[in-house]
Structures are given as C-alpha cells and as structure tokens.
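Report on the following structure.
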Amino acid sequence: MAFHEIRFPATLSFGSLGGPERRTEIVTLANGHEERNTPWAQARRRYDAGLGLRSLDDVETLIAFFEARQGMLHGFRWKDWADYKTCKASGKVTALDQSLGYGDGETRVFQLVRTYRSGAWSVSRVLTKPVPTTVRVAIAGSELDEGLEWSVDTATGLLSFVSPPGVGAEVTMGCEFDVPVRFDTDLIQVSVANFQAGDVPKVPVIEVRQ
C-alpha cells in the first residue's frame, strides 16, 4: 500500500465523529475475578468522514478525494480536531511541549512522540506525520533554528540534529500533527434526495500503522 502525503480536507474532517480505540482481552475466572491484557501497545483511531459533509459541493470533494486514493488502496493524512497538537487544545505550540529524551553525545536522530498523562500514569504515542512548518525544537530549554541546527522528515516524524545533543541535555519539541489513515470501505453510497433531507453517507476512516 502506498501513502499519499496529502491531507483530507480539514473543512470536511471538522465535525466528524471518531477517536482512539483500544483492544483489551478479558478472561473471567471461576472465582469472578478478571485477567486483562492487551496485544496493542498503542491505540488505533477510527473516524466517520461522512458527518463533516454539509453540502453537495462537499460530497463532490469527498468523491474526488476517494477516487484519487482508489478507495482503501492508498493512505492519507487526517486532521483529528480533538487532538492535533502537542500542547493543550487552547494553547499554542512551543518547543518545550514534549520531551523526546536526553542527549548522550552521539545520538543525532530522535522520533517525535506525544505523551498523554493522567495522575502517575502515562503513555507515549509515536508521531509520524508532523505538519510541515509547525515543528519547533529545543535542547536544554534553548530553541534551535530549523535547517541550520536540525531537520525533520514530515513523512516519518524523525528529527535529525546537525550535531548530537550533549550528554544529559533534554531534547524537547512541539508541533501540530496529522493521523496516517486510509478509507475503511471501497464503497461510498450517496443519495442526493436523502442528503438534502439531512442524511449523510457513512465514510469510515481508520488509522494505519507505520
């Protein structure tokens, strides 16, 4: 499967329904206790693009995008309006939003991640689709210049430094990011009469692992 580095129209993803999905395996024992486990280290996100359609022009845009991706064949970028930047929803991206680790004087490449915290627990999510021009990077609290001191691959989320961060220096970053997805159907059915009456087609979209 190829991946097209193009974003699904953000005006159509706005208002869509969706979010993270986990897979938990539960075994109930004879004494009523449970054993719970998960084969997934990270969540997988699902969305319904149909709920963002508001006009027949939107439907035409959707169909053109669907045809260009050849249905489920090719992946694309998706803006999750509920979770698309490394800071709080009401905040502005800064170079200090997320910690990527600490320098050892040798490592020059770091993977972009976003960490979710609740109480004493946290889980990290790998970010492979940062939005170009939104990435900001700092070492030991000092922001660095893109191009001169670092670069980022917006197709993989790999951050590369010209010179490796010093031993013990914290590497931090902030950015906006997209979700790599594909259509989860090879069929889109649209009834003009029903659409004008307020009925919109279901257009399932699912995250792809990278």
* Which residues, counting only those in the range 106-132, are modelled with pLDDT of 95 or more, within 14 Å of C175 (Cβ to Cβ) and part of a loop (DSSP other than H, G, I, E, B)? -> L112, L127, T128, K129, V131
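For every residue, the table says whether it meets (1) modelled with pLDDT under 95; (2) surrounded by 13 or more Cβ atoms within 10 Å (Cβ to Cβ).
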residue: V162; (1), (2): no, no
residue: G168; (1), (2): no, no
residue: D178; (1), (2): no, yes
residue: A193; (1), (2): yes, no
residue: A197; (1), (2): yes, no
* Check whether at least one residue in the range 15-24 is of a type in the set (V, I, T) and exposed (fewer than 10 other Cβ atoms within 10 Å of the Cβ), and report yes or no. => yes
* To do: Hey, could you check the range 133-143 for residues that are in a strand (DSSP E or B) and surrounded by 14 or more Cβ atoms within 10 Å (Cβ to Cβ) and say which is nearest to the chain's Cα centre (by Cα)?
  => R136
* If only one of G52, G75, G91, G15 is of a type in the set (G, A, S), within 30 Å of S160 (Cα to Cα) and over 15 Å from the mean Cα position of the chain (by Cα), which one is it? -> G91
* Asked: How do the strands (runs of 3 or more DSSP E) wholly within the range 1-94 filter down when requiring 1 or more residues that are under 22 Å from S191 (Cβ atoms) and in contact with a Leu (Cβ under 7 Å, 6 or more places away or on another chain): which remain?
  -> 17-21, 44-48
* Considering each residue of the range 64-80, count those that are loosely packed, with under 14 Cβ neighbours inside 10 Å and not acidic (D, E), and give that number. => 4
* Residue, most open to solvent (accessible area, probe 1.4 Å), within the range 1-14, restricted to residues that are modelled with pLDDT of 95 or more and out of contact with any helix residue (DSSP H, G or I) (no Cβ under 9 Å at 6 or more places or on another chain) -> E5
* **Test for R54: is it touching a Gly at 6+ places or on another chain (Cβ under 6 Å) and either charged (D, E, K, R) or over 15 Å from K79 (Cβ atoms) (or both)** => no
* To do: Check F183, F177, F161 and return the single one that is of a type in the set (F, W, Y) and closer than 23 Å to E67 by Cβ.
  => F183
* **Filter result (among the hydroxyl-bearing types (S, T, Y), without any contact (Cβ under 8 Å) to a residue 60 or more places away in the chain and either closer than 22 Å to F177 by Cα or surrounded by 14 or more Cβ atoms within 10 Å (Cβ to Cβ) (or both)) within the range 36-61** => T61
* Specify the residue that is surrounded by the most Cβ atoms within 10 Å (Cβ to Cβ); the eligible residues are those in the range 144-160 that are touching a residue at least 12 places away in the same chain (Cβ under 8 Å) and small (G, A, S). => G157
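The values are calculated or read from the model by the stated rules, or taken from the named source; none is laboratory data. The structure presented is a predicted model; accordingly, all values stated were derived computationally and were not measured. FYI the Cβ positions are ideal-geometry reconstructions off the backbone, even for glycines, and counts take in every protein chain you see. Heads up: the accessible areas ignore ligands, DNA and RNA and are worked out on the full protein's heavy atoms, side chains in. Shrake-Rupley method; radii C 1.70, N 1.55, O 1.52, S 1.80 Å.
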